[in-house]
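Here is the structure we will look at, set down as structure tokens.
The values are calculated or read from the model by the stated rules, or taken from the named source; none is laboratory data. All values reported here derive from a predicted model rather than from experimental measurement. Please note: Cβ atoms are built from the backbone with ideal geometry, for glycine as well, and neighbour counts cover all protein chains shown.
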Amino acid sequence: MNSNNKYKILLVEDETNIQTFVSALLEANDYQVVLAASCAEAEMLCASHLPDLVILDLGLPDRDGTVFLRRLRQKELTPVIVLSARSDENEKVHALDLGANDYITKPFGSAELLARIRSSLRTSRYSAAEGKLPGGSFRCGDMSIDYDARRIRIGEEEIKLTQTEYNIVVFLSAHCGKVMTYSAIIKAVWHEPTNENSIKKLQVNMANIRKKFGAKPGEISYIVNELGVGYRMDGE
Ligand code: CA
């Protein structure tokens, strides 16, 4: 493949061993890599290289990675995968609410990182429609949504959802591949603040959706449960 046709990924990471490992992995998988080791460098390289995707470490030597994320989101929809050693759920939720598409916790495997990258690159196809419901139809594996008829099918079978369940699925489909936090979904579907009650209501609806979609416990079926954080429609 001509290097001009490769996806360009900006890797923002100050740990040399992770830089080396991730950039070798990306190059071996036909991505072009641009390296930055600080927030300031990331901002400069992002402006000059216009990457297709950013992999962002949160613990950077000059500033917190979220500073870069917040500034980027003021002007660009470039997908961002947060790379974090922190297992704290609040950190992930904060980064996702600031506009990160996904997160991956260190240590992580090559296959997992590559799957997240493919998923986030697909998400950017939907970004243009962000904030409004997409028209026409949507497909994710065997599942299809006909937005005009408000109908969801898996294979040939129509899945009967309540209005609320349907609204949740449509919201996730509009952000396919991206982790949507509890508060983002609750705000979009119920226009309510996030608290114990609204999270519980969301979880009950989501359990019903997964059941109707034929998901078995522990199995991934169109919608991935990101424990303690939110949900993601899996575009793969
Ligand atoms: Ca770091």
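Filter the range 57-79 down to the residues that are touching a Ser or Thr at 6+ places or on another chain (Cβ under 8 Å) and of a type in the set (A, V, I, L, M, F, W, C), then identify the one that is farthest from Asn17 (Cα to Cα). Only one residue tops the list, namely Leu77. Within the range 1-45, being out of contact with any strand residue (DSSP E or B) (no Cβ under 6 Å at 6 or more places or on another chain) and closer than 18 Å to Val67 by Cα holds for Asp14, Ala37, Ser38, Cys39, Ala40, Glu41, Glu43, Met44.
If only residues of the range 35-65 that are crowded, with 19+ Cβ neighbours inside 10 Å and aliphatic (A, V, I, L, M) are counted, the one that is nearest to Leu113 (Cα to Cα) is Ile55. Has the range 85-95 got at least one residue that is modelled with pLDDT under 90 and within 22 Å of Thr16 (Cβ to Cβ)? Scanning the range 85-95 turns up at least one residue that is modelled with pLDDT under 90 and within 22 Å of Thr16 (Cβ to Cβ). Condition (residue is over 19 Å from the mean Cα position of the chain (by Cα), surrounded by 17 or more Cβ atoms within 10 Å (Cβ to Cβ), among the polar types (S, T, N, Q) and within 26 Å of His94 (Cβ to Cβ)) applied to the range 177-191: is it met by at least one residue? No: zero hits.
In the set (1) in contact with a Ser or Thr (Cβ under 8 Å, 6 or more places away or on another chain); (2) not in a helix (DSSP H, G or I), the condition left unmet by Ser183 is number (2).
For Asp97, the conditions (1) out of contact with any strand residue (DSSP E or B) (no Cβ under 6 Å at 6 or more places or on another chain); (2) away from the ligand (no atom under 13 Å from the Cβ) all hold with the exception of (1).
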